[in-house]
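Quick note: the coordinates plus some simple rules give every number you see, no bench work behind them. These figures come from a predicted structure and were not determined experimentally. Backbone-built Cβ (ideal geometry, glycine too); neighbour counts: all protein chains shown.
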Amino acid sequence: MVVGRFAPSPTGPLHFGSLVAAVASYCDAKSRGGQWLLRIEDVDQTRHVASASDDIIRTLQRYGFVWDGDIVYQSQRSAHYQTALAQLQQRGLAYPCTCSRKEIADSSTLLGIEGAIYPGICLQHATKPGAAAAWRIKTDAQTIRFADQMQGQQQHQMASDIGDFVVKRADGLFSYQLAVVVDDALQGVTHVVRGADLLNSTTRQIYLQQLLGYPTPVYAHIPLVLNADGQKLSKQTLATALPEDNVVATLVAALSFLKQTLPADVQSFAVADLWQWAIAHWQLPKITRR
Ligand SMILES: [Zn+2]
């Protein structure tokens, strides 16, 4: 059974970039006869915009998406993340860290794919008594490899490219990486189709899957929609919300961005007929890397 998912963060309304990711994951799952799940990634409540979740759900409905099962909210799933963290702690795979950002910046000598590599201070010395601790995953010299369906072969050497990464922050919030891995496993997700901005997260997620004994889904990271300045569309780059009308024209634009074949009279289609066409003719390989 194929299970895909769309997992937006409710930091603002859906924009064209998130629609493209939703369309790609939806067509990929449905064209394989699979299920498509909707998960609201609101684990980081500090970035959560009130009412954004409801707005996203209404927009997806308006655009004709039909998800399987109940909507899952990460903000309600801390117990699952804590259980996974406890497993890692009991097996000595995670350790507490009380370092400040400045201490890490001042003592790190190695640069990884996302900046300074954590130098392992709290692995070698006692943590500061009374200070709130983050939890870090121990990384080792192994190389995690995977074949991305869009981006080809990928690999990171965990210790030198990533370093010991945080799975629970000092303020108590679970990291994106841990939450996604636990949710994908508990929800039985087999196919992850998402934006290329998450390509670099994937080796950390596979590493966690292996530590926790979870299966690894098939991954496809699709090109990002960029604005005229070459930036990813996001709340930060002031991407506009999807229009409430012109649903067919906007879906056609998303399918065109994904290089899918469309009939000449597509603009006269009803939303349901457009989806039927898009799913029947969906071809992931037509999407070109940019
Ligand atoms: Zn530390």
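Once you charge only the Cβ atoms, +1 for Lys and Arg and -1 for Asp and Glu, what is the size of the charge dipole of region 79-176 about its Cα centre, to the nearest 20 debye? Mind showing how you got there, number by number?
Details: 9 positive and 8 negative charges, 59 e Å.
Here the size comes out at about 280 debye.
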Handout entry: Gain upon complete extension [Q231, T83; 0.36 nm per residue less C-alpha separation]
Key = 49.5 nm
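To the nearest 20 debye, what charge dipole does the chain have about its Cα centre, counting +1 at the Cβ of each Lys and Arg and -1 at the Cβ of each Asp and Glu? If you can, show how the numbers build up before the last one.
Values: 25 positive and 24 negative charges, 105 e Å.
Using only the charged Cβ atoms, the result is roughly 500 debye.
Working out 0.36 nm times the residue gap between R169 and Q187, then minus their Cα-Cα distance, what length gain in nm do you get to one decimal?
Numbers: separation 18, 0.36 × 18 = 6.48 nm, distance 2.39 nm.
Computed gain between R169 and Q187 is 4.1 nm.
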Exercise for the section: Excluding M158 itself, calculate the net charge of residues whose Cβ lies under 10 Å from the Cβ of M158, where each Lys or Arg counts +1 and each Asp or Glu counts -1. Expected result: -1
Exercise for the section: Divide by every residue of the chain the summed helix terms, -39500 (n - 2.57) for each DSSP H run of at least 4, and state the resulting mean residue ellipticity at 222 nm, rounded to the nearest 500 deg cm²/dmol. Expected result: -9500 deg cm²/dmol
Completion exercise
Lys and Arg at +1, Asp and Glu at -1: neighbours of Y73 with Cβ under 11 Å from its Cβ sum to -2
Exercise for the section: Provide Rg over Rh for the chain; use the alpha carbon set for both Rg and the Kirkwood Rh (inverse mean inverse pair distance). Expected result: 0.99
Fill in the blank from the handout: For E114, placing the label point 7 angstrom along Cα-to-beta-carbon and taking region 1-20, residues whose amide nitrogen sits under 16 Å are 9
Problem - Given charges at Cβ of Lys, Arg, Asp, Glu: the chain dipole, positive-most of I144, V180, I206 - result: I144
Fill in the blank from the handout: Of all DSSP beta bridges having both residues in the chain, the percent classed as antiparallel (nearest 5) is 60
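Sorting V181, V20 on the 10 Å Cβ count, fewest up front, what's the list? Could you put the intermediate results ahead of the total?
Details: V181 25, V20 22.
Ascending number of Cβ neighbours within 10 Å: V20, V181.
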Practice task
Of the options V166, Q124, H221, report the single residue whose Cα projects farthest towards the positive end of the charge dipole of the chain (beta-carbon charges: Lys, Arg +1; Asp, Glu -1).
Solution key: Q124
Handout entry: Relative exposure of D55, D245, D161, judged by other C-beta atoms within 10 Å (fewest first)
Key = D245, D55, D161
Handout entry: Label point 7 Å beyond Cα of I121 along Cβ direction - residues of region 135-157 with amide nitrogen under 17 Å
Key = 135-137
Problem - Relative exposure of I104, I144, judged by other C-beta atoms within 10 Å (fewest first) - result: I104, I144
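All other residues with a Cβ under 11 Å from the Cβ of L284 taken together, and with Lys, Arg as +1 and Asp, Glu as -1, what is their net charge? It would help to have the intermediate numbers written out before the result.
On the way: positive: R32, K259, K286; negative: D28.
Net charge around L284: +2.
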Practice task
Counting residues in region 79-176 as N, plug N into 2.2 N^0.38 Å and put the Cα Rg over that result.
Solution key: 1.16
